[in-house]
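Take a look at the structure below.
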Amino acid sequence: MKKIMACMTIGLFSLPAMASDAYGDPFEGWGFVKDDWQVVCDNTLTCRAAGYAEEDQLDTSASILLTVLPKVSLPSATVQFLPEVPKQNNTEAELWLNGKNYGEIQADADGYTYDLSPQQTKYLINQARLNTKIEIKVGSERWTISDKGMSAVLLKLDETQGRVGTPLALVSKSSPHQQTPKSAKAKPVIKKAYAYADNKQLDSSKLVYFQKNINKWVDIDAKQLVGSEDDMGDCELVNPKTEAYQRMQEYGAGRLGWEFTAVDAKHTLASHLCWQGAYNESSGYWLINHDKPSKPKLITTAGNDYSDGEIWATHKDRGLGDCWNHAIWVWNGQTFAKSEDSSSGMCRGFAGGAWDLPTYVSEVVKNDSKAQ
């Protein structure tokens, strides 16, 4: 049956339906997920493991983030609470594991997050393969973090960073399948090039030329864009023959048509709405090189906006509490290079999501000199 456009994210941000079985690649979307835990790694091999309360305990829940650098034995551990920890006459927040008090956790300067000490973090990780009741207590109040999926997620982290069977392993020191610990990778450096201001008008003759030919230059019948009989493609609304396009026309909803934006003297961005739902929409962005206009380069079908030499993609995921996916492509003078890709973690009640969990990071160096 033909899929109906909904408020799900697609393409770059697609996620499988939540299930009790583990799924996912640590370098994509929500990463590797098992029950109430997830691990997301970025291109430098820094991994972040997050644990949440069970879905039926979100009224007073906490989330913990373990940030693990390659070849560093112990993660840093940060906790935040929902709702925020009340200030009760200097009563401190304490870590409890299986009913035992492991001491106070230290509040950060922001007043919203708390840090576990290295010794507390070690105690927590040592409990990962056991059934563990994880609680944060402040006076008579308590917040819970589920242990379901913690062991599987930390094992996946060990595998990703090459820790299995080594003294650096978080949960797999005794494994006979010994790996070699991997080193951290350097951040890619992107030299951001000069781009026209947002109000720069495209030359009228070029605009007419692009409008006349863009549907010839872009293969709007490509399966990648419009999909098949059973699956929706990444950009159904680019093709007037698709059911989605015809429905939009019938109801007069949204904007359908190509838009052209001057990037610099030699390049133009062509964009077209790809899909639209109750909470999300995305557009495709193609880069036109004026020297070879008949071969536009597809940058993404998940974009939302272009400004100041950057294409942005921001999409909301479904779940209790808003959580988000975010990506940016930066103009480097020749193409738009991806500079960021991240999510705010699983939708577990935290407004805007609990954490920043990148799968791709870079260093952007700005160059303000004008292109010739």
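The values are calculated or read from the model by the stated rules, or taken from the named source; none is laboratory data. Please read these numbers as outputs of a predicted model, since none were measured by experiment. Cβ sites come from the backbone with ideal geometry, for glycine too, and all protein chains shown count toward neighbours.
Taken together, A262, A253 contain a single residue that is at pLDDT below 95 and either in the same structural domain as W329 (by TED's automatic domain parsing) or surrounded by fewer than 18 Cβ atoms within 10 Å (Cβ to Cβ) (or both), which is A253. When the residues of region 344-365 are filtered to those that are in a loop (DSSP other than H, G, I, E, B) and touching a residue at least 40 places away in the same chain (Cβ under 8 Å), the one that is farthest from L66 (Cα to Cα) is S362. In region 92-116, how many are out of contact with any strand residue (DSSP E or B) (no Cβ under 7 Å at 6 or more places or on another chain) and not acidic (D, E)? Selection size over region 92-116: 5. Among the residues in region 357-368, are any in contact with a Leu (Cβ under 9 Å, 6 or more places away or on another chain), within 30 Å of T242 (Cβ to Cβ) and either among the hydrophobic types (A, V, I, L, M, F, W, C) or not assigned by TED's automatic domain parsing to the domain that holds N213 (or both)? The answer is no, given that none of the residues of region 357-368 is in contact with a Leu (Cβ under 9 Å, 6 or more places away or on another chain), within 30 Å of T242 (Cβ to Cβ) and either among the hydrophobic types (A, V, I, L, M, F, W, C) or not assigned by TED's automatic domain parsing to the domain that holds N213 (or both). Taking (1) part of a helix (DSSP H, G or I); (2) buried (at least 19 other Cβ atoms within 10 Å of the Cβ) in turn, D59 satisfies each apart from (2).
Count of region 330-366 residues, restricted to those that are over 18 Å from I311 (Cβ atoms) and at pLDDT below 90, is 7.
Listed by first and then second residue, the pairs with beta-carbon distance under 8 Å, at least 6 apart or on different chains, first residue in region 229-242 and touching a residue at least 60 places away in the same chain (Cβ under 8 Å) and among the charged types (D, E, K, R), second buried (at least 23 other Cβ atoms within 10 Å of the Cβ) and in a loop (DSSP other than H, G, I, E, B), are D234/I10. Taken over region 214-255, the criterion of being more than 16 Å from E281 (Cα to Cα), of a type in the set (A, V, I, L, M) and not in a loop (DSSP other than H, G, I, E, B) is satisfied by I214 alone.
The set of residues from region 139-155 being crowded, with 18+ Cβ neighbours inside 10 Å and free of Cβ contacts under 8 Å to residues at least 60 places away in the same chain comprises S151, L155.
Quick one: is T160 part of a loop (DSSP other than H, G, I, E, B) and hydroxyl-bearing (S, T, Y)? Answer is no for this residue. Figure legend. Inter-residue proximity from region 261-281: first residues within 18 Å of L207 (Cβ to Cβ), second residues among the acidic types (D, E) and assigned to a strand (DSSP E or B), beta-carbon distance below 7 Å, spacing 6+ or different chains. Indicated pairs: S271/E259. Residue count for region 181-213, restricted to those that are charged (D, E, K, R) and part of a strand (DSSP E or B): 2.
Residues that are of a type outside the set (D, E, K, R), under 17 Å from the mean Cα position of the chain (by Cα) and in a strand (DSSP E or B) do not occur anywhere in region 261-278.
Of all residues in region 310-337, those being touching a strand residue (DSSP E or B) at 6+ places or on another chain (Cβ under 9 Å) and either surrounded by fewer than 20 Cβ atoms within 10 Å (Cβ to Cβ) or outside the structural domain of F210 (by TED's automatic domain parsing) (or both) number 14.
In the condition set (1) farther than 30 Å from V364 by Cα; (2) surrounded by 12 or more Cβ atoms within 10 Å (Cβ to Cβ), E229 is compliant with all but (2). In summary, T335 fulfils each of the numbered conditions (1) under 21 Å from the mean Cα position of the chain (by Cα); (2) closer than 29 Å to N213 by Cα; (3) among the hydroxyl-bearing types (S, T, Y) with the single exception of condition (1). Answer yes if at least one residue in region 62-69 is at pLDDT 70 or above and touching a helix residue (DSSP H, G or I) at 6+ places or on another chain (Cβ under 7 Å), and no otherwise. Yes, that holds for at least one residue.
Could you check how many residues of region 114-141 are modelled with pLDDT of 90 or more and either of a type in the set (V, I, T) or assigned to a strand (DSSP E or B) (or both)? Counting residues in region 114-141 that are modelled with pLDDT of 90 or more and either of a type in the set (V, I, T) or assigned to a strand (DSSP E or B) (or both) gives 9.
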